[in-house]
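Have a look at the structure below before the remarks.
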Amino acid sequence: MDAYTFWNVIGNYNEHTLIIQIILLVFVLTALVLSYSKKTNWAAKFALGIVNLYIGIAFFALFGTEPIQFFFALPLFLLCGILFLYEAWHNHDDILQIPNVLQVALLSLYGLYPLVSVIFGNSFPQMVTYIMPCPIISLSIVVYGGYQRKNRLLIFLMTIWGLTGIKSLFFNAYEDLILLACGIYGIMMFTTEVKRSKKKQ
């Protein structure tokens, strides 16, 4: 996939889904407030599950044009969505901790995603918004890092997508350096979980 195709898919998606994106963003932010305030511990995982499924279906299944989108990205986001929903049910009482300094920094970068896209010369509809694959995985990685109980497969899948942020250098999508930073955080989280598992054995 070349840069033209990459941005054309984004533009087509944004033109047809803006209202849905706004609704989902409000939904996700509300869920985060509920979980960070300890009112509904599972809400954040549930919302991230729904929005990852949405990205898989809407962005890749409906607007995707390339084999890599159908055979790599689509199943990855669907599986992430299913795993988040499973975690919301299976570990529904797991508390979402207040973000540490690193998590605050990464969450702040997520908040800057559209602004960074505009700064680098993009404009609607061919710009990165909050409810798109890379911002959603960035948010998912950082928020999931705040939970005590973690699914290593889910971390692994999100980290794989996080490391695709390197494409920012090839598709002129420099805002996805944010994704890359979150992918590196994902590596740290995955490594910690592997070490923790070995200690329990």
> How many residues, within the stretch 110-127, are of a type in the set (F, W, Y) and either in a loop (DSSP other than H, G, I, E, B) or open to solvent by 80 Å² or more (accessible area, probe 1.4 Å) (or both)?
Replying inline: 2
>> Tell me whether the stretch 186-200 contains one or more residues that are open to solvent by less than 10 Å² (accessible area, probe 1.4 Å), within 27 Å of F70 (Cβ to Cβ), under 12 Å from the mean Cα position of the chain (by Cα) and not hydroxyl-bearing (S, T, Y).
In response: yes
> With (1) assigned to a loop (DSSP other than H, G, I, E, B); (2) modelled with pLDDT of 95 or more as the list, and L79 as the residue in question, which single condition is left unmet?
Replying inline: (1)
> Restricting attention to the stretch 7-17, and to residues there that are surrounded by fewer than 18 Cβ atoms within 10 Å (Cβ to Cβ) and in contact (Cβ under 8 Å) with a residue 60 or more places away in the chain, which single residue is farthest from F70 (Cα to Cα)?
Replying inline: E15
> Do any residues in the stretch 20-32 that are over 15 Å from F46 (Cβ atoms) and in a helix (DSSP H, G or I) have Cβ atoms under 7 Å from those of residues that are among the aromatic types (F, W, Y) and open to solvent by less than 20 Å² (accessible area, probe 1.4 Å), where the two are at least six apart or on different chains, and which pairs are they?
Replying inline: none
>> I'd like to know if the stretch 83-105 contains one or more residues that are over 24 Å from M189 (Cα atoms), open to solvent by 80 Å² or more (accessible area, probe 1.4 Å) and in contact (Cβ under 8 Å) with a residue 60 or more places away in the chain.
In response: no
> Counting only residues that are buried (at least 23 other Cβ atoms within 10 Å of the Cβ) and under 18 Å from T129 (Cα atoms), how many does the stretch 174-185 have?
Replying inline: 5
> Of L163, L107, L102, which residue is aliphatic (A, V, I, L, M), within 25 Å of I22 (Cβ to Cβ) and not in a loop (DSSP other than H, G, I, E, B)?
Replying inline: L107
> Just wondering, is there one or more residues in the stretch 45-64 that are at pLDDT below 95 and surrounded by fewer than 18 Cβ atoms within 10 Å (Cβ to Cβ)?
Replying inline: no
> Does Y130 satisfy being of a type in the set (F, W, Y), at pLDDT 95 or above and open to solvent by 20 Å² or more (accessible area, probe 1.4 Å)?
Replying inline: yes
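The values are calculated or read from the model by the stated rules, or taken from the named source; none is laboratory data. All figures in this text were calculated on a predicted structure; none of them were measured in a lab. Cβ coordinates were reconstructed from backbone atoms using ideal geometry, including for glycine residues, and neighbour counts include every protein chain displayed. The area values use the complete protein model at the heavy-atom level, side chains included, leaving out ligands, DNA and RNA. Shrake-Rupley method; radii C 1.70, N 1.55, O 1.52, S 1.80 Å.
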